[in-house]
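Peer 1: I'd like to ask you about the structure that follows.
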Amino acid sequence: MSRLSALRPLHAEWTKLRTLHSSWWLLAATAVLTLAVGAASVSAVGTGACPSAADCHEDTVKLSLTGVWLGQATALVLGALSMGAEYGTGTIRTTLTAMPHRVALLVSKAAVLAAMTAAAGTAAILGSLYAGRLILPGNGFTPEAGYPLPSLADGPTLRAAFGSVLCLTLTALLGLGLAALLRDSTGAITTGLGLLYAVPLLAGLLGDPNWRDRLERWAPMPAGLAIQATRDLSRLPIGPWPGLGVLAAYALGLLLVAGAAFRVRDA
Amino acid sequence: MTSSSTPPSLTPSTPPERTPSTPYRSQLHPGRDGFVRLLRAEWSKFWTVRSWLLVLVLAAAATVVISQLGASGSVNDSNGRVRIVSAPDGTRVDDTFRFVHRPLTGNGSVTVQVSGIEGREGRSPEPWAKAGVMVKSSTKPGSSYVALMVTPDHGVRMQWDFTHDEQGSSSGARWLRLTRSGQELTGYESPDGREWTKIATVRPADLPKAARAGLFVATPPHTTLRRSFGGTSATAGIATATADFDHVELRGSAADPSWTSTDVGAPDPDDPDLPASGPARPIPGSTKVTGAGAFTVTGQGDIAPDQTAGDTVQMSFQGVWVGVLFMVALGALFITAEYKRGMIRTTFTASPRREQVLAAKVLVIGGVTFAAGLVAAAVAFPLAQDTLRSNGFKPPAFPDLSLLEGAAPRAVVGSALLLSLVAVLALAVGALLRSSAGAITAVVVLVILPQILAFALPLPAAEWLLRLTPAAAFAIQQGVTHYPQVDHNCLPESGCYPMTPWNGLAVLGAYVAVALALAVWRLRRRDA
């Protein structure tokens, strides 16, 4: 045993994730898609439809970060594949032979995954905010009209940016937890996408505002994305940090359950 | 080492059926090389995998259960307080306007010059404000009519029985003439009152011999839509329209030659439910005679199908969104599982014509998912209708819908088609990407995410999203017809899609066709 025994599983997981093409592709896709959708949304919105620019009441920071809706999908896939692929190919048995401490294995997997997603997410979020800074004034959202340029010096904007990175990271962990629990990447991805997208969709279509609020408060994606709001916070069904807490509870809760199951089950 | 066609040297010891002159043949019966066989092979592949059957059953069950939940989450509490006006064909309509009329018995004509339309307090009029001439069977709201009108932004229009609309010229024609001959009415327009151009001859549903003819003014309310992340609000502001009429001339036998003014469809001003002020309180119209055959008329309201009611057909199919997820997984796995296990090489060795294999797969997965989707939608619809009825969506505002009438069969069959097309799309993308993770994510994101973003993005961006992405296909579930002659904010969150039902489904069809073409191209070119 080496002296750095605690770091060995981390190093092994880092090597595994680093040497797969698909990881880099998915990380790049997360960053690029988040940035692209954010920039497209910002350029699609102008003040033209409102009586005056100030009457638009647009949350420009949240608008710039729209891409997280799509970036979460690739982050989820990355998380699910980091575990599911091992089950798909049978590598998991080799892994467990080499590294019998299962909880340490899952924790190091989660740590490496979280670090990589957070890095890609940070790039994506900073890029999106920068794209917002470039595009917003041209569409009428000028500081004079009451829309200061998105800047990390502003408290709520910093919270939205940091929270969005956390959102992406937690979604990747959600994928990891699902895959560890289901031992299958396809099932994990389908379940995860359903949890992320189908629930807010139904919430949007429901006629009853009570039900809508309930779903938006307790479904992982809408609750987690409450962290992006910088205006009209009182109108949100759930506050920014409690909302992110809901997403974190889903992701970490699933990881806990998956960890427990991982310990007692066959690979 | 030796090829089987060259006879080996140990000829004498071979059994009689392996004569030296013929190559080795398997004792098994050769399979008939046909498409039906391929179909059978693919069908066996599908039904022998127990988990796929389970997913199919789950898909149907989830569609029904979520539709039911969706319906029970939709509550209508305005029933009873809203007055319902129905057109002769049963459509729910608005029929309120200022009518300056005289009786007209039998044949005759009414001619007028509309010299100007103005909005409230000198503001510009609404795009669909209407001023012109009308022959209506009575002043009862919802009764049959034919109207010829000038609109500020949409030119001259001939409309009848609420749902019909014929465009005249959009140029500056200001003279209108409506003539009645038996049951037929003909509209003419003219820029100067001398040269007349015919617009159309129409036959309204129910016009008695003794009808009312005259001038009318109407304008829909001024709506402002505020839409930002986190909420949409539509506010209706008061609008009135004032039109100047000149050279009014009514020909035909009339018992009473004096003009009467009526605010058709206006609520009783003493109604206790009516608010004391605000946009919901109607402003009474006015009529001023400004000279011989010249009138200034002010009115409000609209003569058009009512597009604000909820769509109870669309509300009954919310579970299909969840069904889509399962179908995507099934479709993608039907081919990617073969790639993952290397089974695809066996498949292609057994039937080397790869596009035929793909076609058989498409037929099997398309057929299976269509059948499951049809059962699910046909079960979900009546159940959801029951729930919606008990939640306040009941007649007369929301008529009872049966499974085999009106828009319901289209929505049921359309939902099943949608589910099966989505499965085929996933199959094609799976053949293209050869990975279940990639195929499932790509298709789910393509189909579901646009709809979610459409809730949040501004209306023009949202409309384009719902026209260009496969999410457009959900238009097939719509039960309400949207008429171009009614200004209507098509809000995605109220289940409105910018495309007509079949066109929307065709968008998904186009995606499937392109994905299949790419899949065939890739199957032919690439190794398996």
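Peer 1: Across segment A:135-147, which residue is modelled with the lowest pLDDT among those that are surrounded by 17 or more Cβ atoms within 10 Å (Cβ to Cβ) and in a loop (DSSP other than H, G, I, E, B)?
Peer 2: A:140
Peer 1: Oh, and also: Of the residues A:68, A:77, A:103, which is farther than 14 Å from residue A:175 by Cα and surrounded by 18 or more Cβ atoms within 10 Å (Cβ to Cβ)?
Peer 2: On the way: A:77 fails: farther than 14 Å from residue A:175 by Cα; A:103 fails: surrounded by 18 or more Cβ atoms within 10 Å (Cβ to Cβ).
Answer to the selection: A:68.
Peer 1: For residue B:479, are the conditions met, namely being under 30 Å from residue B:378 (Cβ atoms) and crowded, with 17+ Cβ neighbours inside 10 Å?
Peer 2: yes
Peer 1: Let me ask you something else. Within segment B:90-101, is there a residue that is away from chain A (no Cβ under 14 Å), in contact (Cβ under 8 Å) with a residue 40 or more places away in the chain, among the β-branched types (Val, Ile, Thr) and assigned to a strand (DSSP E or B)?
Peer 2: Here is the first cut: in segment B:90-101, the residues away from chain A (no Cβ under 14 Å) are B:90-101.
Still in the running and in contact (Cβ under 8 Å) with a residue 40 or more places away in the chain: B:90-101.
Now restrict to residues that are among the β-branched types (Val, Ile, Thr): B:91, B:93, B:96, B:100.
This time we only want the ones that are assigned to a strand (DSSP E or B), so: B:93, B:100.
Checked segment B:90-101: at least one residue is away from chain A (no Cβ under 14 Å), in contact (Cβ under 8 Å) with a residue 40 or more places away in the chain, among the β-branched types (Val, Ile, Thr) and assigned to a strand (DSSP E or B).
Peer 1: Determine, yes or no, whether residue B:409 is under 24 Å from the mean Cα position of the chain (by Cα) and more than 14 Å from every other protein chain (Cβ to nearest Cβ).
Peer 2: Working: under 24 Å from the mean Cα position of the chain (by Cα): yes; more than 14 Å from every other protein chain (Cβ to nearest Cβ): yes.
Spelling it out, residue B:409 is indeed under 24 Å from the mean Cα position of the chain (by Cα) and more than 14 Å from every other protein chain (Cβ to nearest Cβ).
Peer 1: Would you be able to say whether some residue in segment A:86-99 is within 11 Å of chain B (Cβ to nearest Cβ) and either part of a helix (DSSP H, G or I) or among the polar types (S, T, N, Q) (or both)?
Peer 2: Residues of segment A:86-99 within 11 Å of chain B (Cβ to nearest Cβ): A:88-89.
This time we only want the ones that are either part of a helix (DSSP H, G or I) or among the polar types (S, T, N, Q) (or both), so: A:88-89.
Yes - at least one qualifying residue is present in segment A:86-99.
Peer 1: Would you please name the residue that is nearest to the other protein chains (Cβ to nearest Cβ), looking only at residues in segment B:424-446 that are surrounded by 24 or more Cβ atoms within 10 Å (Cβ to Cβ) and over 19 Å from residue A:197 (Cβ atoms)?
Peer 2: First pass over segment B:424-446, keeping only residues surrounded by 24 or more Cβ atoms within 10 Å (Cβ to Cβ): B:424-431, B:436-437, B:439-441, B:443-444.
Filter once more, so that each one left must be over 19 Å from residue A:197 (Cβ atoms): B:424, B:427-428, B:430-431.
Values: B:424: 17, B:427: 14, B:428: 17, B:430: 11, B:431: 16 Å.
The extreme case among them is B:430.
Peer 1: Taking only pairs six or more apart or across chains, which ones have beta-carbon atoms under 6 Å, a first residue in segment B:493-513 that is farther than 17 Å from residue B:448 by Cβ, and a second residue that is of a type in the set (S, T, N, Q) and at pLDDT below 95?
Peer 2: Close Cβ pairs satisfying both conditions: B:501/B:478.
Peer 1: Would you mind stating whether residue A:247 is touching a Pro at 6+ places or on another chain (Cβ under 9 Å), surrounded by 13 or more Cβ atoms within 10 Å (Cβ to Cβ) and part of a helix (DSSP H, G or I)? So that I can check it myself, show each step before the final result.
Peer 2: Working: touching a Pro at 6+ places or on another chain (Cβ under 9 Å): yes; surrounded by 13 or more Cβ atoms within 10 Å (Cβ to Cβ): yes; part of a helix (DSSP H, G or I): yes.
In short, yes.
Peer 1: In addition: Looking at A:248, A:219 in this structure, which one is more than 10 Å from chain B (Cβ to nearest Cβ), in contact (Cβ under 8 Å) with a residue 40 or more places away in the chain and among the small types (Gly, Ala, Ser)?
Peer 2: Working: A:219 fails: in contact (Cβ under 8 Å) with a residue 40 or more places away in the chain.
Matching residue, one of A:248, A:219: A:248.
Peer 1: Which residue out of B:421, B:453, B:466, B:449 is more than 12 Å from every other protein chain (Cβ to nearest Cβ) and free of Cβ contacts under 8 Å to residues at least 40 places away in the same chain? Steps first, please.
Peer 2: Values: B:421 fails: free of Cβ contacts under 8 Å to residues at least 40 places away in the same chain; B:453 fails: more than 12 Å from every other protein chain (Cβ to nearest Cβ); B:449 fails: more than 12 Å from every other protein chain (Cβ to nearest Cβ).
None of the others qualify; the one that does is B:466.
Peer 1: Condition check: modelled with pLDDT of 90 or more, surrounded by fewer than 19 Cβ atoms within 10 Å (Cβ to Cβ) and within 14 Å of chain A (Cβ to nearest Cβ). Does residue B:371 satisfy that?
Peer 2: Spelling it out, it is not the case that residue B:371 is modelled with pLDDT of 90 or more, surrounded by fewer than 19 Cβ atoms within 10 Å (Cβ to Cβ) and within 14 Å of chain A (Cβ to nearest Cβ).
Peer 1: Filter segment B:65-77 down to the residues that are surrounded by fewer than 21 Cβ atoms within 10 Å (Cβ to Cβ) and more than 9 Å from every other protein chain (Cβ to nearest Cβ) and list them by number.
Peer 2: Matches in segment B:65-77: B:65, B:68, B:77.
Peer 1: With the requirement that a residue be over 21 Å from residue B:69 (Cβ atoms), touching a residue at least 12 places away in the same chain (Cβ under 8 Å) and either part of a helix (DSSP H, G or I) or more than 9 Å from every other protein chain (Cβ to nearest Cβ) (or both), what does segment A:222-237 give you?
Peer 2: Residues of segment A:222-237 that are over 21 Å from residue B:69 (Cβ atoms), as a first pass: A:224-236.
Narrowing further to those that are touching a residue at least 12 places away in the same chain (Cβ under 8 Å): A:224-232.
Scanning segment A:222-237 gives A:224, A:225, A:226, A:227, A:228, A:230.
Peer 1: Also, I was wondering about something else. Out of A:34, A:74, which single residue is in a helix (DSSP H, G or I), facing chain B (nearest Cβ under 10 Å) and either closer than 21 Å to residue A:156 by Cβ or not aromatic (Phe, Trp, Tyr) (or both)? Steps first, please.
Peer 2: Working: A:34 fails: facing chain B (nearest Cβ under 10 Å).
After applying the criteria, what remains is A:74.
Peer 1: Looking only at residues that are hydrophobic (A, V, I, L, M, F, W, C) and in a loop (DSSP other than H, G, I, E, B) in segment B:291-343, which one is farthest from residue B:387 (Cα to Cα)? Write out each step before concluding.
Peer 2: Residues of segment B:291-343 hydrophobic (A, V, I, L, M, F, W, C): B:292, B:294-295, B:297, B:303-304, B:309, B:313, B:315, B:317, B:320-322, B:324-330, B:332-335, B:337, B:343.
From what's left, in a loop (DSSP other than H, G, I, E, B): B:292, B:309, B:313.
Details: B:292: 60, B:309: 18, B:313: 12 Å.
This residue is B:292.
Peer 1: If you don't mind, there's one more thing I want to ask. So residue A:170 fits all but one of (1) more than 13 Å from the chain's Cα centre (by Cα); (2) more than 10 Å from chain B (Cβ to nearest Cβ); (3) under 20 Å from residue A:108 (Cβ atoms); what number is the exception?
Peer 2: Against the list (1) more than 13 Å from the chain's Cα centre (by Cα); (2) more than 10 Å from chain B (Cβ to nearest Cβ); (3) under 20 Å from residue A:108 (Cβ atoms), residue A:170 comes up short only on (1).
Peer 1: What number of residues within segment A:41-60 satisfy the criterion of being in a helix (DSSP H, G or I) and facing chain B (nearest Cβ under 10 Å)?
Peer 2: 6
Peer 1: What is the residue count in segment A:176-216 for residues that are at the interface with another protein chain (Cβ under 7 Å from one of its Cβ atoms), under 30 Å from residue B:391 (Cβ atoms) and part of a helix (DSSP H, G or I)?
Peer 2: Taking segment A:176-216 first, the residues at the interface with another protein chain (Cβ under 7 Å from one of its Cβ atoms) are A:185-186, A:189-190, A:193-194, A:197-198, A:200-202, A:204-208, A:211.
Still in the list and also under 30 Å from residue B:391 (Cβ atoms): A:193-194, A:197-198, A:200-202, A:204-208, A:211.
Filter once more, so that each one left must be part of a helix (DSSP H, G or I): A:193-194, A:197-198, A:200-202, A:204-205, A:211.
Of the residues in segment A:176-216, 10 are at the interface with another protein chain (Cβ under 7 Å from one of its Cβ atoms), under 30 Å from residue B:391 (Cβ atoms) and part of a helix (DSSP H, G or I).
Peer 1: Scan segment A:140-187 for residues that are among the β-branched types (Val, Ile, Thr) and under 14 Å from residue A:225 (Cα atoms) and jot them down. Working first, answer last.
Peer 2: Keep residues of segment A:140-187 that are among the β-branched types (Val, Ile, Thr), which gives A:142, A:157, A:165, A:169, A:171, A:186.
Once the filter is applied, which keeps residues that are among the β-branched types (Val, Ile, Thr) and under 14 Å from residue A:225 (Cα atoms), segment A:140-187 yields A:157, A:165, A:169, A:171.
The values are calculated or read from the model by the stated rules, or taken from the named source; none is laboratory data. All of these numbers come straight from a predicted model, not from anything done at the bench. Here the Cβ is made from the backbone with ideal geometry for all residues, glycine too, and neighbour counts use every protein chain on show.
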